[in-house]
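Chemist: Submitted below is the structure of interest, expressed as structure tokens.
The values are calculated or read from the model by the stated rules, or taken from the named source; none is laboratory data. Every value quoted in this text rests on a predicted model; they were computed, and no experiment measured them. Note that each Cβ is placed from the backbone with ideal geometry, even for glycine, and that neighbours are counted across all protein chains shown.
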Amino acid sequence: MLFSMTTNLSCCVRLGLLVLAIGVWGCGAIAGDNANQVTEGGGGSDVDTEAMLQLVCKADENIVFPPLAKGCFDVSQCVLIFHRVDCCKTANVYSINQLAQAEFDDVEGLCSQAFGTCGCKSFPYTVEDGNEVTNFANLAVKCEEGACKAYVVPE
């Protein structure tokens, strides 16, 4: 009986802390004039909570990517990802919210293996801003209009 009461109490305490954390987070998101502001680019836009990236595995249609979140408050939430598009190891470059990276990595590993290798030379990578890149040092991310975006830094 004591174990059951302790377990129920522990569960209630954890639930209470979760509700408190959600409440604090929710209030923080609306408290203050700058709480939803983008810190780089975008001129103070709200986070785009609907900004998603939907990738397709061209090697195997049965390998399905989940929608990947791109929304951000700040550039520190953004990471670069490389999505393989052929057997030559050519990839497209995108930026997503860092919280979606594990989901991407899991499925991208399967997709990349499905391509195998064909021994050809890879083409320049295409970045989501439409530019091509061969020097990865020229890649960067930004949080613009509430969404993570990859771009090529002009030389």
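Chemist: Can you pull out every residue in segment 66-98 that is at pLDDT below 95, of a type in the set (A, V, I, L, M, F, W, C) and surrounded by fewer than 21 Cβ atoms within 10 Å (Cβ to Cβ)?
Modeler: If the condition is that a residue be at pLDDT below 95, of a type in the set (A, V, I, L, M, F, W, C) and surrounded by fewer than 21 Cβ atoms within 10 Å (Cβ to Cβ), then 73, 87, 88, 91 are the ones that fit.
Chemist: Residues in segment 84-103 that are within 14 Å of residue 141 (Cβ to Cβ) and assigned to a helix (DSSP H, G or I): how many? Spell out how you get there, then give the answer.
Modeler: Keep residues of segment 84-103 that are within 14 Å of residue 141 (Cβ to Cβ), which gives 93-98, 100-101.
In the following step, the residues that additionally are assigned to a helix (DSSP H, G or I) were identified as 98, 100-101.
Residues meeting the conditions: 3.
Chemist: Exactly one of these conditions fails for residue 47: (1) out of contact with any Cys (no Cβ under 7 Å at 6 or more places or on another chain); (2) modelled with pLDDT under 95; (3) surrounded by 20 or more Cβ atoms within 10 Å (Cβ to Cβ). Give me its number.
Modeler: Every listed condition holds for residue 47 apart from (1).
Chemist: Within segment 143-155, is even one residue closer than 17 Å to residue 70 by Cα, surrounded by fewer than 18 Cβ atoms within 10 Å (Cβ to Cβ) and in contact with a strand residue (DSSP E or B) (Cβ under 9 Å, 6 or more places away or on another chain)? If you could, list the steps in order and put the result at the bottom.
Modeler: First, pick out the residues of segment 143-155 that are closer than 17 Å to residue 70 by Cα: 143-151.
Those still in the list that are surrounded by fewer than 18 Cβ atoms within 10 Å (Cβ to Cβ) too: 145.
Retained after the next criterion (residues that are in contact with a strand residue (DSSP E or B) (Cβ under 9 Å, 6 or more places away or on another chain)): none.
No: segment 143-155 contains no residue that is closer than 17 Å to residue 70 by Cα, surrounded by fewer than 18 Cβ atoms within 10 Å (Cβ to Cβ) and in contact with a strand residue (DSSP E or B) (Cβ under 9 Å, 6 or more places away or on another chain).
Chemist: In addition: For segment 115-139, how many residues are over 14 Å from residue 91 (Cβ atoms) and modelled with pLDDT of 95 or more?
Modeler: 0
Chemist: Further question: Kindly provide the set of residues from segment 124-155 that are among the hydrophobic types (A, V, I, L, M, F, W, C) and either touching an Asp or Glu at 6+ places or on another chain (Cβ under 8 Å) or free of Cβ contacts under 8 Å to residues at least 24 places away in the same chain (or both), ordered by number. Don't jump to the end; show me each part of the working.
Modeler: Restricting attention to segment 124-155, the residues satisfying the condition of being among the hydrophobic types (A, V, I, L, M, F, W, C) are 127, 133, 136-137, 139-141, 143, 147-148, 150, 152-153.
Correct list: 136, 137, 140, 143, 147, 150, 152, 153.
Chemist: Which residues, taken from segment 65-81, are in contact with a Phe, Trp or Tyr (Cβ under 7 Å, 6 or more places away or on another chain) and within 19 Å of residue 153 (Cα to Cα)?
Modeler: 81
Chemist: Anything in segment 117-138 that is over 20 Å from the mean Cα position of the chain (by Cα), of a type in the set (D, E, K, R) and closer than 21 Å to residue 53 by Cβ? List them, or say none.
Modeler: Passing the criteria: only 132.
Chemist: So is residue 102 of a type in the set (A, V, I, L, M), under 29 Å from residue 73 (Cβ atoms) and modelled with pLDDT of 95 or more or not?
Modeler: Working: of a type in the set (A, V, I, L, M): yes; under 29 Å from residue 73 (Cβ atoms): yes; modelled with pLDDT of 95 or more: yes.
Spelling it out, residue 102 is indeed of a type in the set (A, V, I, L, M), under 29 Å from residue 73 (Cβ atoms) and modelled with pLDDT of 95 or more.
Chemist: Exactly one condition in (1) assigned to a helix (DSSP H, G or I); (2) surrounded by 15 or more Cβ atoms within 10 Å (Cβ to Cβ) is not met by residue 106; state its number.
Modeler: If we test residue 106 against (1) assigned to a helix (DSSP H, G or I); (2) surrounded by 15 or more Cβ atoms within 10 Å (Cβ to Cβ), just (2) comes out false.
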